[in-house]
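Colleague: Submitted below is the structure of interest, expressed as structure tokens.
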Amino acid sequence: MKKKQRGGTIAGILIGLVIGLGIAIAVALVVSKMPVPFINTNAHTRPSSLDSTEDERNRNWNPNAALGGGNAGSGTPPRSVTPVDQPPVQPEPPSEVVAVAPESTPGSDPLGELAAQLGNRSAPATAAAPAVPPPAATDAYQYFVQAGAFRSQGDADSQRARLAMNGWDARITSREQQGQTVYRVRVGPFSKSEDAANLKRQLDQQGIDSAVVRQAR
């Protein structure tokens, strides 16, 4: 019983293989006869008339057709243009310029006018002389700056030395007053009262008592 079952199983497998192989062959034949999608077998087929026309066009093609104008594509050579001889242009002769002398005015003297012009050019312009100011009125007095009056000549000498240390040259003069000799220390004379007043201000800044003294010349 087991042998019959085993033999039937093998026979069934073989029959199935044969049937499957037959189906596969049939499918392959059908697929090979069907047209492949997106591929047109007649797309690359061109008539012979188009090929001959394209060959003729390639033989007559002129690479300079775009530069030579409309006749370049037909292969005809351009026409030669014969230049027209033109007569040479003769330059015009320069026109003569006639110098016309200016008319002399009756009664005028050209030589005299020329001499006057030359004289005006040669004569240097004289600058106006500066106005001389009038002399100032002479002061009838002269001025001194008195830096002290001492009864002792030693005190007067000390004051003079003090002034000399500050750069002022002073002189000592003596005079009798009320029966006593007085020694005066003075700087000057100055011709202007302003100069004497300026020196007095400087002595005051140094702590030296002083006074402006006027004396007739």
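Colleague: Mind listing just one residue for me: the one in the range 1-56 that is outside any helix (DSSP H, G or I) and hydroxyl-bearing (S, T, Y) and, of those, modelled with the highest pLDDT?
Modeller: Keep residues of the range 1-56 that are outside any helix (DSSP H, G or I), which gives 1, 34-47.
From what's left, hydroxyl-bearing (S, T, Y): 41, 45.
On the way: T41: 50, T45: 53.
It comes out as T45.
Colleague: Right, G148: surrounded by fewer than 11 Cβ atoms within 10 Å (Cβ to Cβ) and either more than 18 Å from L203 (Cα to Cα) or more than 60 Å from the chain's Cα centre (by Cα) (or both) or not?
Modeller: Values: surrounded by fewer than 11 Cβ atoms within 10 Å (Cβ to Cβ): no; either more than 18 Å from L203 (Cα to Cα) or more than 60 Å from the chain's Cα centre (by Cα) (or both): yes.
No: the conditions fail for G148.
Colleague: Do you know which of the residues in the range 172-187 that are touching a strand residue (DSSP E or B) at 6+ places or on another chain (Cβ under 6 Å) and not hydrophobic (A, V, I, L, M, F, W, C) is farthest from K200 (Cα to Cα)?
Modeller: Filtering the range 172-187 for residues touching a strand residue (DSSP E or B) at 6+ places or on another chain (Cβ under 6 Å) gives 172-175, 181-187.
When the remaining residues are screened for being not hydrophobic (A, V, I, L, M, F, W, C), the result is 173-175, 181, 183-184, 186.
On the way: T173: 19, S174: 21, R175: 22, T181: 25, Y183: 19, R184: 16, R186: 11 Å.
Here the answer is T181.
Colleague: Let me ask something else about it. V182 is checked against (1) in a helix (DSSP H, G or I); (2) touching a Lys or Arg at 6+ places or on another chain (Cβ under 9 Å); (3) among the aliphatic types (A, V, I, L, M) and fails just one. What number does that condition carry?
Modeller: Of the numbered conditions (1) in a helix (DSSP H, G or I); (2) touching a Lys or Arg at 6+ places or on another chain (Cβ under 9 Å); (3) among the aliphatic types (A, V, I, L, M), the odd one out for V182 is (1).
Colleague: Can you tell me which of (1) surrounded by 16 or more Cβ atoms within 10 Å (Cβ to Cβ); (2) on the phi < 0 side of the Ramachandran plot; (3) not in a loop (DSSP other than H, G, I, E, B) is the one W168 doesn't meet?
Modeller: Going through the list (1) surrounded by 16 or more Cβ atoms within 10 Å (Cβ to Cβ); (2) on the phi < 0 side of the Ramachandran plot; (3) not in a loop (DSSP other than H, G, I, E, B), W168 breaks only (3).
Colleague: Go through (1) surrounded by 14 or more Cβ atoms within 10 Å (Cβ to Cβ); (2) outside any strand (DSSP E or B) and name the single condition V187 misses.
Modeller: If we test V187 against (1) surrounded by 14 or more Cβ atoms within 10 Å (Cβ to Cβ); (2) outside any strand (DSSP E or B), just (2) comes out false.
The values are calculated or read from the model by the stated rules, or taken from the named source; none is laboratory data. All values reported here derive from a predicted model rather than from experimental measurement. A quick note on method: Cβ atoms are made from the backbone with ideal geometry, for glycine too, and the neighbour counts reach across all protein chains shown.
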